[in-house]
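Have a look at the structure below before the remarks.
The values are calculated or read from the model by the stated rules, or taken from the named source; none is laboratory data. All values derive from a computational prediction rather than experimental measurement. So basically every Cβ, Gly included, is an ideal-geometry build from the backbone, and we count neighbours across all protein chains shown. Only protein heavy atoms, including side chains, enter the accessible area calculation; ligands, DNA and RNA are left aside. Shrake-Rupley method; radii C 1.70, N 1.55, O 1.52, S 1.80 Å.
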Amino acid sequence: MNSFHITEDVIDAESIQPVLPASKVGAKSIFEGIVRDNNLGKIVKKLEYQCYEELAVKEGNTILKEALENYKIDGAFCVHRTGKLEIGETAVLVMVYAAHREDSFQACRYIIDEVKTRVPIWKKEIYVSGESDWLKGAG
Amino acid sequence: MQQRIEITVHYFAKLRDLTNKEQESFETEINSTPKDVYRKLNSFASWKTELEDKDKLVFIPPVTGG
């Protein structure tokens, strides 16, 4: 818990078991970003994520630290995939534990928004047409 | 003769496709800046930091994770 990870393996929310004092937890928020089959009018076949892991882990952990400081939450976790992903697979997962739902919702939103604009990860879309392209900004 | 330094340059996303390399060693003059290296590589960047021997220089396009 309270850590940011990069993985090439399939992300399974069920397998993430954060260690927390059970007596404090009243809410758990999970956000999952999933690979969809279209973007900007093009039919997407798969995605490829590339990452500068050294800096991504550092920046990701800074974001989690900010969330823990700025919201009344008890735990925050984030994992992002790299490599080639199929349609329907989870690209990123954020998990937040708190005493109350409002804090867990807000912190979860903060973390995914910051990850998308600050962590050095890049997304390439591979289209059904055979073309491919690196996306140009946070979307 | 001007002293030279060796740095490591990392490429990501579009720049990796263009160079067909993840990283490479790069020799440049002492007191070079990322801008100087960029000009030689025909890539981009513009900071005034003086590079030092064994520095690692990473060119980062706008991020698109999530």
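Note every residue of the stretch B:1-24 with a reduction of at least 40 square angstrom in accessible area, all protein chains present versus the isolated chain, computed with a 1.4 Å probe, or write none. At a threshold of 40 Å² (probe 1.4 Å), the residues of the stretch B:1-24 that become less exposed are B:Phe12, B:Ala13, B:Lys14, B:Asp17. Spin-label model, B:Asn31/B:Gln3: points 7 Å from Cα along the beta carbon direction are separated by 1.1 nm. Ranked from largest to smallest solvent-accessible area, with a 1.4 Å probe on the protein heavy atoms, A:Ser132, A:Ser15 come out as A:Ser15, A:Ser132. Of the GluC sites (Glu not before Pro) in the stretch A:2-83, the ones in a loop by DSSP (not H, G, I, E or B) with at most 12 other beta carbons within 10 Å are A:Glu8. Once the Cβ-Cβ distance of A:Ile87 and B:Leu18 is raised to the sixth power relative to R0 = 30 Å, the FRET efficiency obtained is 0.60.
The share of C-alpha pairs in chain A whose separation exceeds 19 Å stands at 51 percent.
Split the accessible area of chain A by element, probe 1.4 Å, and carbon with sulfur accounts for 49%.
Here the gap between A:Asn61 and A:Leu40, fully extended at 0.36 nm per residue and compared with their Cα-Cα distance, gives a gain of 4.4 nm.
If you run the Gaussian network model on chain A, springs between alpha carbon atoms under 10 Å, then out of A:Val57, A:Val92, A:Val128 the most flexible one is A:Val128.
Provide the per residue accessible area, probe 1.4 Å, for the stretch A:95-134, rounded to a whole number of square angstrom. Present the calculation step by step, with values, prior to reporting the outcome.
Values: 1840 Å² over 40 residues.
Per-residue accessible area for the stretch A:95-134 comes out at 46 Å².
The Cβ shell under 14 Å around A:Glu114 holds other residues with a net charge of +1, Lys and Arg each +1, Asp and Glu each -1. Once you list every other residue whose beta carbon is under 14 Å from the beta carbon of A:Ala13, what net charge do they have if Lys and Arg are +1 and Asp and Glu are -1? That works out to -3. The GNM of chain A, with springs linking C-alpha atoms under 10 angstrom apart, assigns the highest mean-square fluctuation among A:Gly41, A:Gly83, A:Gly26 to A:Gly41.
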